Amino acid sequence: MFVHKIDEELALKLVEIQDAERIFELTDRSRAALKEWLPWLDHTKTVEDTKNFIQSGAESFALGKSLNCAIVYQGELAGIAGFNEINEAKQTAYIGYWLDTEYQGKGIMTRVAGALTDYALTERGLNKVEIRAAVGNEKSRNIPIRLGFTEEGVIRQGEWLYDHFVDSVVYGMLKSEWRSEKGE
């Protein structure tokens, strides 16, 4: 079981089937806000859909290709974060995340993304971490900016959101930069 303690009130844990009801509850109650920027909400209509997501993530984790974690804030599941993809050939991990609206504005996601970056670059020994966010998604874009990531460019029409494309901004952090950020 993967558990990564971030600080006294925050941890990441591998998502498990028994988390499905809580994760679906968070998804459902934050559906309108999440749907503005995330393309999968129409495919998550039941607890069973969430269980399928968890099972698929567990299979991908077993192959070393991704890591889906529940964000545990003060003992409660608050959202999902992890590596949507781990590409060993490129030595790159791609961070994805979402947080229930009740927990936003507390600095949770910046701490989570920082911990995931540190884990990928120091413990996993990867060379790069990327975070992508829609151009208009200021909240999500501010996270890699606060962590010192470099804006690498914009992928035009990088993601399909239900009925339109959005441009995606790519942020990257290299292992050599992260160590210098941490004073190592």
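The values are calculated or read from the model by the stated rules, or taken from the named source; none is laboratory data. Bear in mind the structure is a predicted one, so any value in this text is a computation, not a measurement. The area values use the complete protein model at the heavy-atom level, side chains included, leaving out ligands, DNA and RNA. Shrake-Rupley method; radii C 1.70, N 1.55, O 1.52, S 1.80 Å.
Odds and ends about this structure:
- Accessible surface of R29, taken over heavy atoms with a 1.4 Å probe and every protein chain present, rounds to 110 Å².
- Here K106 is the anchor, and the aspartates and glutamates within straight C-alpha reach of less than 15 Å, apart from those fewer than 8 places off in the same chain, are D7, E8, E9, E76.
- Legend: P(r) of region 28-71 from all alpha carbon pair distances, 5 Å bins from 0, whole percents, reading 5, 20, 22, 27, 18, 7, 1.
- Using all pairs of distinct alpha-carbon atoms, the Kirkwood hydrodynamic radius of the chain works out to 16.7 angstrom.
- Exposure of L34 as accessible area (Å², to 10), given a probe of 1.4 Å and all protein chains: 10 Å²
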